[in-house]
Amino acid sequence: MQKGKVDALLGIVFGDEGKGKVVDVFTPKYDVVARFAGGPNAGHTIIFEGKKFVLRSIPSGIFDEGKLNIIGNGCVVAPDLFMLEARELETAGYDLRSRLHISRRAHLILPTHRVLDRAYEAAKGKNKVGTTGKGIGPTYSEKAARTSLRVGDIGNNFLEKYNALKARHLQILSDMHFTDFDITDDEKRWMEGVEYMRSYQLTDTENELHQLLAEGKNILAEGAQGTLLDIDHGTYPFVSSSSTCTGGVCTGLGVSPKDIGEVFGIFKAYSTRVGAGPFPVELFDETGDRIREIGHEYGAVTGRNRRCGWLDLVALRYAININGVTQLIMMKGDVLDTFDTIRVCVAYEKDGVRTTSMPYDTEGWTAVYEDLPGWKTDLTAMTDKSQFPAALADYIRYIERAMGVPVTIVSVGPDRAQTVMM
Ligand code: GDP
Ligand code: IMO
Ligand code: MG
């Protein structure tokens, strides 16, 4: 029997590209959907049949009965937030316990990790990252420092281990003179969440994946965040703390690079970024406001304004190379429906120097644009590429030519049905 493959679907810019929507669309073609990185900092929106869900830790394949969903070892899990998210899905009629496995090697976000997240941000002052406040950085830091707790620790002497780690956190907070917190209620819900999680299948998901691949089953690895938020390859230090790229699929699920098949790189027809950090294509004018308004560019997790700008081909090329992207997926084409001219960033410039490669630090670089004509047509009801206006077809061809990778899907609205295969 031929071995199965792991296809990766990755956000290749600053996150919020529409990963949740496309994973949901792709799920029928796969046997397993697995998250390999991140935690409740993610917010993946899925809309179908008049229903809307925003998933944080649970993979976006959860709505398809009979498919296995996995929260992999590379993820971090907050039991209280997991319980909230899972109960919402249970109330909506989805039986999660039969279709969700959580890696025992995934790390636990404690209530005090969230307080530490706030304390570290406050200490950074004007250099703060603008994190989601979910305790992501402190949890991954402790994973690397080998002091963290894992899902597999839920069981023997758990309370003892929890209290020891919490005491260490409280000591750090006291040393930082950070006193603006009260975790009493949070901790109560967190402990309730731990009890709730015990009723789930907490397993060695790496071994399960090996077995499934050997049986010829195909797996879709659902990315979280995006390449420019990757701890190694992003705009450090304004990044998240996990490996969001194809390499992260291997470490975050325990699969071999030889098992990776297609790599879907997902991007919006324009750019957004939420949180702090350099963003050469950012628009501070009414065009930026207009993109934000039409695209509803407000964070799914924190409700913050997303910063908006035109498509950045320097960033896209970099991400395609880092990830080995084999197919591009362009989202939110419909958001640009009314613009006369659509700009594309083809290079960065600073002090008279022009580059098409990603600089070490993008601070201070400005965007060099080429202008393309807008299509001035409502795309939202289109279901076939033959309906696409010529200017949109040209825009897609322009991107394909510049990137050397085909665009195989164009999304024209948030609903599952508004997806055009190319
Ligand atoms: P993710 O984190 O990558 O899963 O993306 P988010 O869910 O955070 O953000 C994407 C937002 O765009 C959500 O509100 C989606 O419902 C919405 N969306 C996805 N695809 C499209 C599209 O093609 N057009 C429009 N207008 N909205 C879309
Ligand atoms: P999805 O999966 C967009 C950003 C935060 C902040 C930085 C670090 O929905 O695309 P963290 O809380 O991770 O320590 O924050 O990363 N960030 C995201 N931005 N989409 C996300 O996830 C993000 N997850 C984190 O805004 O700038
Ligand atoms: Mg999101």
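A short reminder: the numbers here are calculations on the coordinates, not readings from a lab. These numbers were taken from a predicted model, which means no experiment stands behind them. Heads up, the Cβs are rebuilt from the backbone with ideal geometry, glycines too, and the neighbour counts pull from every protein chain shown.
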How large is the dipole of the chain about the Cα centre if only Lys and Arg carry +1 and Asp and Glu carry -1, each at its Cβ, rounded to the nearest 20 debye?
660 debye
Per q in 0.08, 0.10, 0.13, 0.14 1/Å, what log10 I(q)/I(0) does a Debye calculation on the alpha-carbon atoms of the chain return?
-0.43, -0.68, -1.14, -1.30
For ALA390 and LEU84, what is the calculated FRET efficiency with R₀ set at 45 Å and r taken between the beta-carbons, to the nearest 0.05?
0.45
Positive end of the charge dipole of region 180-337 (Lys, Arg +1 and Asp, Glu -1 on Cβ, about the Cα centre): tell me which of MET331, VAL249, VAL194 has its Cα farthest that way.
MET331
Computed magnitude of the charge dipole of region 1-127 (debye, nearest 20; Cβ of K, R +1, Cβ of D, E -1)
380 debye
Sum -39500 (n - 2.57) across every DSSP H segment of at least 4 residues in the chain, then divide by the residue count to get the 222 nm mean residue ellipticity, nearest 500.
-9500 deg cm²/dmol
Towards the positive end of the charge dipole of region 6-154, with charges on Cβ (+1 Lys, Arg; -1 Asp, Glu), say which of PRO28, GLY125, PRO40 has the farthest Cα.
GLY125
Order of GLU297, GLU195 from fewest to most other C-beta atoms within 10 Å?
GLU195, GLU297
Hey, what angle do you get for helix 205-214 against the long axis of the chain, alpha-carbon based, 0 to 90 degrees rounded to 10?
50 degrees
Alpha-carbon centroid distance for the pair region 67-139 / region 334-375, whole angstrom
35 Å
Which value, in debye to the nearest 20, describes the size of the charge dipole of region 180-226 about its Cα centre when Lys and Arg Cβ atoms bear +1, Asp and Glu Cβ atoms bear -1, and nothing else is charged?
300 debye
How much of the DSSP beta bridge set in region 43-167 is antiparallel, as a percent to the nearest 5?
55 percent
Taking every DSSP bridge whose two residues both lie in the chain, the antiparallel percent to the nearest 5 is 40 percent
Over the Cα atoms of region 144-292, each weighted equally, I'd like the Debye log10 I(q)/I(0) at q = 0.10, 0.14, 0.17 Å⁻¹, rounded to two decimals.
-0.62, -1.07, -1.20
Report the Cα-based extents of region 286-337 along its three principal axes, largest first, to the nearest Å.
33, 27, 17
Which one of SER411, ILE294, PRO280 has its Cα pushed farthest toward the positive end of the charge dipole of region 277-422, where Lys and Arg give +1 and Asp and Glu give -1 at the Cβ?
SER411
Using θ = phi - 60° and the Karplus curve 6.51 cos²θ - 1.76 cosθ + 1.60, what whole-Hz ³J(HN,Hα) does each residue of region 98-114 get, with Gly and Pro shown as x?
7, 10, 10, 10, 10, 5, 5, 8, 5, 9, 9, 8, 8, x, 6, 5, 5
Classify region 1-61 as rounded, prolate or oblate from the Cα gyration tensor: take a ≥ b ≥ c as the square roots of its eigenvalues, call it rounded if a/c is under 1.5, otherwise prolate when a/b beats b/c and oblate if not.
oblate
Report the extension gain between LYS350 and LYS217 in nm, rounded to one decimal, defined as 0.36 nm multiplied by the number of residues separating them, less their alpha carbon distance.
43.0 nm
Decide, for region 51-165, between rounded, prolate and oblate: order the square roots of the alpha carbon gyration tensor eigenvalues as a ≥ b ≥ c, take rounded if a/c falls under 1.5, and otherwise choose prolate if a/b is larger than b/c, else oblate.
oblate
